[in-house]
1. Using a basic spin-label model with each label point 7 Å from the Cα along Cα→Cβ, how many nm lie between residue 41 and residue 85?
2. Pick from 76, 115, 164 the residue whose mean-square fluctuation is largest in a GNM of the chain, springs joining Cα atoms under 10 Å.
3. Can you work out ³J(HN,Hα) from phi for every residue in region 32-43, in order, using Karplus 6.51 cos²θ - 1.76 cosθ + 1.60 and θ = phi - 60°, giving whole Hz and x for Gly and Pro?
4. Would you kindly derive the ³J(HN,Hα) couplings of region 106-111 from the backbone phi angles with the Karplus curve 6.51 cos²θ - 1.76 cosθ + 1.60 (θ = phi - 60°), listing them in order in whole Hz, with x for Gly and Pro?
5. Give the label of the value calculated from the structure for Cα extents along the principal axes in Å, choosing from (1) 67, 45, 41; (2) 56, 28, 24; (3) 55, 45, 29.
6. Going toward the positive end of the dipole of the chain, with +1 on Lys and Arg Cβ and -1 on Asp and Glu Cβ, which of 165, 40, 85 do you reach last?
7. Any idea of the accessible area per residue across region 96-184, 1.4 Å probe, to the nearest Å²?
8. FRET efficiency for residue 186 and residue 113, Cβ-Cβ distance as r, R0 = 22 Å, nearest 0.05?
Amino acid sequence: NETPTNIPVDTTNEPLADNNTHLRGEISKTADAGESTVVASGHRGNIGFTDTLAIDPTYSSQLTNSDIYVKVGDAAAPPPFVGITIAGNLSETVPGNPAIVVTGTGGALCGQTSADYSCLVPTTGSPRIAVSGYGRKDNNRWACSIILTIPKLSEVTMGETAKAIFNPLGLPTGVTYDFVVQDMGCTF
């Protein structure tokens, strides 16, 4: 959907139809100028591929949103993104089924599945990659970058707010940078 509704763009969100004849996420211009925020929402599991009513009581808590800012008008397009790609696998060696979350700040744009992630990292500024979601009450846990490491800037290791911040600036592209969550400090 979009905010404001239908001005300056309208997005499609049709119910699923046979033979993929439905349209979802297509944006069309409805005004000559203006700004809008388009929000895509999806479930992390298989339920996200259907449009049936949720049968899982935790359905709404497992939704993930992603926003895109849309500007309509005569202004020139912004310059292309200049940066590198950082990507790798996500794994854990601790019990409790951690839900590892990778996010970018400072211009870094990250996406992930349950098993891997990738980030577009600008070559200037202060991009950061945050690894979180793996904390558990009364347990110390560490997020480590293994094999080829990404420098760690800070980390909270205790409890449910466990989070590590990494500095990807200046890393070579085309290399795999894996993250692992473990119950001992990083030795890599």
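1. 3.1
2. For the chain, modelled as a Gaussian network with Cα springs under 10 Å, the answer is 76.
3. After applying 6.51 cos²θ - 1.76 cosθ + 1.60, I find 6, 7, x, 10, 8, 10, 9, 10, 9, 10, x, 8 Hz.
4. Residue by residue, region 106-111 yields x, x, 6, 10, 10, x Hz.
5. Comparing each candidate, only (3) matches the computed number.
6. Positive-end residue among those listed: 165.
7. That works out to 49 Å² per residue.
8. Approximately 0.40, to the nearest 0.05.
The values are calculated or read from the model by the stated rules, or taken from the named source; none is laboratory data. Model, not experiment: these values are computed from the prediction. Cβ sites come from the backbone with ideal geometry, for glycine too, and all protein chains shown count toward neighbours. For the accessible areas, the whole protein counts, side chains as well, though only heavy atoms, and no ligand, DNA or RNA atoms are used. Shrake-Rupley method; radii C 1.70, N 1.55, O 1.52, S 1.80 Å.
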